[in-house]
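Heads up: the structure comes next, in structure tokens.
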Amino acid sequence: MKKTVLLTTCCAIALNLYAQRTTNELPYGLLTGYQRQTQEMIVLDAPDKGRIEKEDTENDQKSGPVRFAYPVHVNFTPENSGVWQQSDDGGKVWRLKVILPGALATYTLYDKFWLPKGAKFFVYSEETKQSYGAFISDFIDGSKDKPVQFSTGLIFGESVVYEYYQPASVKESPVIFISRIDYGYRYVSSPFNIGLRALDPCNININCPEGDNWQAEKHAVCQLLILTPNGGGLGSGALINNTNYDFTPYVLTANHNLLKLDANGNNDASLWQFYWEYEYPGCENSTTPPILHYSQGATVVANNKESDFALLKINANEDPRYISEVTPYYLGWDRSGNAGTGGVGIHHPSGNVKRLILSNLIQNDNSYTFWDFFSNEPSKPGTHWEVSIYAGGIQRGSSGSPFINNNRKVIGQLHGGGECAPISAGYGKFSVSWNGMNIHQDSIKRRLDYWLAPGMSNPPQTLDGTFVKPSISGPTLLCRDGGSFMVTDPPAGYTWGKSSNLNIVSTGNNTISVAPADPNYTQGSPGWVSININGVEKARKDVWIGYPDVSIDGPDYVSSSGNFTAVYNPLSNPTFYWGATSGSYTVSNYGDHATFYFNSGGAYQLYLNACNNCGCDVTKYKNVQVYPTYRSPLVVSYPNPVSDILNIKIDEEAVDRLKQTMSGKQLANTDPVLDIRLYDQFGRQVRSTTAKNGIVQFNVSDLPNGIYFLRVYDGISDEPETQTIIVKH
């Protein structure tokens, strides 16, 4: 049963949860100052918690991913629900808000999804200010006649808003069929529901000191959100390298995570989600989990129950290289059957952030049989490693995570084991998965070799891991002739980018030559070249084009000396020359800063010349007023000690001398205004006034006995004149 409410709401700044491929912009409903009319809010009934608990009691004893979300089936489209509203630019917006009472998080499945070109779709929360979007047609497969299945990621909290924007120029209607909203009820690390979930004390965060030596490999490991008919499950997996070093997004995980999927038949994992970089920045558990980055959709290309492996290939449009906040690493592997002397497992236990387990003993006994307590069946002898874990722990959701030996090579993926160390765990052998125990030579869908060593008759025994981390080398200063740049470790399918003040002269094998768009530049400017994949920047080199562009920063008024600094872009690499146009002075030149010592008062004009290999900047000037230091006090205070009325007499001669020094700051005939304040010994201001001349008074009869400080601010001096006043009743 559902309840429908029409309501009006306001909006606020959002926190984008970068996911899939989106334009990373805010929806209308979260733009500051946006005023909408009404929207439809549908309140769904919460699932039966007793039924969920009973199902979990049974399912948690079986093989497969650990369930954390329960399916709630719906039928929402722009035609049968939500509210349409005209937008300010002549387009229109459809919006629907759904509440699942008590949910820790939700995520959404769409049986059919397609957007016309120019339209935008968003998913967000008004309460937590999270948002995904905009989803646009360029990032979505299918057509209007053949829309695709689709899913959108986790939104923390019990409410979710769907928003579709269609500009006036678009006439086609979208295909948006929301068929299922999964109700997250456990294993959700939400920053908005602190304390709802106990942290696992036996696990070690990946960024603790124990993980210092595994900071490259951690970037390969991902959390799996596995979509099943019974809800959403959690597992672990990792990107793995192939002999082509072409960054194909293969993810190694456990066969038992597939449930009913199989490479030879039902291999469609298009609604699976792969969450990257899900970790705390430090060793301690944080109340604020990381921003969520995920890819959606994959195909099962190979799997084998004997060694409990599965290899998935993430859909091309969802390659993690396209997510600008993700730095993918592709794990190396060892197919020799030699385990090594120890290593680590990196995993996501029970939906948690990235954790670490440590081992110093791997049993290399081919008679070892791993007993799968979930399926209540033993593995075939010699198909699994027995790994002794002395620190950390394993939980449901760790399944499929890689074991990386001390040679930094994957030797297997987790099948199962105990919880907190010391424990033993069973990892399906990579060496067995490589050729399918020689019993699946007729099927490339039961072996790893075909995919990870394509076309090789004698592949290597081991392969190193690698980053997708291109870098650009080249000059930092470009003059009229321009310069050449080269990319190292170039990713597949990259394109060059550049700033608008550069022109491309030529391109070559991983190189580009550029020159200033204006060869007769009269002033320098910053620029850049970049490496992009489908519009996502993966590497950039900043440059300076032409002459330096400098200015002088420093005080306008000084007494006898002053420090001045050149403001400039360091890429312009200038040499500096300091001086003054007239007057008596000396200067200590320290390159991009200088100290001037003035021998007399008056007006000075400082100058700065800056030159680099392209030429010299126009000389820059700064006017400075030098005033003599006056030492006589501006005010006379009496009586002191004082019990009731403190008289403060302004010394007119001292003020006249002050007035003479103000000619460069104010009109010469303007009387200075003194700011007079009284502070107690704790620095608290207890009295204040302003005056030009004469006598002012402070009544201190109600102040406690003690020492006070009278401070007079003249508007020029860096430090106020200070007098000590004693209040004594």
Handout entry: Förster radius 22 Å - calculated FRET efficiency between ASN693 and SER560 (Cβ-Cβ, nearest 0.05)
Key = 0.20
Problem - Of all accessible heavy-atom area on the range 682-729, the percent that carbon and sulfur account for (1.4 Å) - result: 48 percent
Handout entry: Inter-label distance for GLU55 and VAL587, nm, one decimal - labels placed 7 Å from Cα along Cα-to-Cβ
Key = 7.8 nm
Exercise for the section: Please return the longest stretch of the chain lacking exposed loop sites, where trypsin sites (Lys or Arg not before Pro) count only if DSSP places them in a loop and at most 15 other Cβ atoms lie within 10 Å. Expected result: 261-479
Handout entry: Residue list for the range 477-515, given a label point 7 angstrom along the Cα-to-Cβ vector of ASN573 and an amide N cut-off under 12 Å
Key = 477-479
Handout entry: Within the accessible area of the range 241-322 (1.4 Å probe), percent carbon and sulfur
Key = 45 percent
Completion exercise
Site GLU652, offset 7 angstrom along Cα→Cβ, radius 15 Å on amide nitrogen, limited to the range 682-699, gives 692-696
Problem - Accessible carbon and sulfur surface of the range 380-522 relative to its total accessible area, %, 1.4 Å - result: 48 percent
Handout entry: Vicinal HN-Hα couplings computed from phi for the range 517-531 (Karplus, 6.51 cos²θ - 1.76 cosθ + 1.60; Hz; Gly/Pro x)
Key = 5, 10, x, 9, 3, 9, 8, x, 7, x, x, 6, 10, 9, 10
Fill in the blank from the handout: Where a ≥ b ≥ c are root eigenvalues of the Cα gyration tensor, a/c under 1.5 meaning rounded, otherwise prolate if a/b exceeds b/c and oblate otherwise, the range 528-606 counts as prolate
Practice task
Label the range 260-419 by shape, choosing from rounded, prolate and oblate, from the square roots a ≥ b ≥ c of the eigenvalues of the Cα gyration tensor; if a/c is under 1.5 it is rounded, and otherwise prolate applies when a/b is larger than b/c, oblate when it is not.
Solution key: oblate
Exercise for the section: Give me the number: length gained by fully extending ASP246 to ASP671, i.e. 0.36 nm times residue separation minus the C-alpha to C-alpha distance, one decimal in nm. Expected result: 145.4 nm
Exercise for the section: Name the aspartates and glutamates eligible as straight-distance cross-link partners of LYS354: C-alpha to C-alpha under 15 Å, and not fewer than 8 places from it in the same chain. Expected result: ASP200, GLU210, ASP212, GLU217, GLU277, GLU279, GLU284
Fill in the blank from the handout: Contour minus Cα-Cα span, CYS611 to SER367, at 0.36 nm per residue, comes to 80.3 nm
Handout entry: Charge context of VAL686, other residues only, Cβ under 9 angstrom, K/R +1, D/E -1
Key = +2
Completion exercise
the chain accessible area per residue, 1.4 Å probe, protein heavy atoms, integer Å², reads 43 Å²
Completion exercise
Excluding residues fewer than 8 positions from LYS54 in its own chain, the aspartates and glutamates with Cα under 20 Å of it are ASP45, ASP182
Problem - Separation of the THR619 and PHE709 label points, Cα + 7 Å toward Cβ, nm - result: 4.5 nm
Exercise for the section: Give the long-range amide H neighbours of VAL686: residues separated by 5 or more places, or on another chain, with amide H under 5 Å away, using H modelled in the peptide plane at 1.01 Å from N. Expected result: LEU678, TYR679, ASP680
Practice task
Return the FRET efficiency for the residue pair ASP518, LYS728: r is the Cβ-Cβ distance, R0 is 60 Å, and the value is rounded to the nearest 0.05.
Solution key: 0.20
Fill in the blank from the handout: Quick note, the range 472-620: a/c under 1.5 would make it rounded; otherwise a/b > b/c is prolate and the rest oblate (a ≥ b ≥ c, C-alpha gyration tensor); here it is prolate
Practice task
Please work out the ratio of the alpha-carbon Rg of the chain to 2.2 N^0.38 Å and round it to two decimals.
Solution key: 1.30
Problem - Amide H partners (placed H, <5 Å) of GLY416, local residues excluded - result: GLY426
Practice task
Excluding residues fewer than 8 places away in the same chain, name every one of the aspartates and glutamates whose C-alpha is closer than 14 Å to that of LYS659.
Solution key: ASP651, ASP671, ASP714
Exercise for the section: Tell me which residues come under 5 Å, amide H to amide H, from SER399 once H is placed; ignore anything under 5 positions away on its chain. Expected result: SER236
Practice task
Could you check the simple spin-label distance between ASP48 and ASN264, using points 7 Å along Cα→Cβ, in nm with one decimal?
Solution key: 4.0 nm
Completion exercise
The ³J(HN,Hα) series, computed from each phi in the range 607-615 with the Karplus coefficients 6.51, -1.76 and 1.60 at θ = phi - 60°, rounded to the nearest Hz and given as x for glycine or proline, is 9, 9, 9, 9, 9, 9, 5, 8, x
Handout entry: Additional length obtainable on full extension of the chain from ASP481 to ASN510, 0.36 nm per residue less Cα span
Key = 8.4 nm
Fill in the blank from the handout: Surrounding charge for ALA310, neighbours by C-beta under 13 angstrom, Lys/Arg +1, Asp/Glu -1, total +3
Handout entry: Inverse of mean 1/r across different Cα pairs in the range 451-538, Kirkwood, Å
Key = 15.3 Å
Exercise for the section: Per DSSP H run of at least 4 residues, take -39500 (n - 2.57); add these up for the chain, divide by its residues and hand me the 222 nm value, nearest 500 deg cm²/dmol. Expected result: -1000 deg cm²/dmol
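The values are calculated or read from the model by the stated rules, or taken from the named source; none is laboratory data. Worth saying up front: this structure is predicted, and the values here are computed from it rather than measured. All Cβ positions, even for glycine, are placed from backbone atoms using ideal geometry, and neighbour counts span all protein chains on display. Side chains are part of the model used for accessible areas, which takes the heavy atoms of the whole protein and leaves out ligands, DNA and RNA. Shrake-Rupley method; radii C 1.70, N 1.55, O 1.52, S 1.80 Å.
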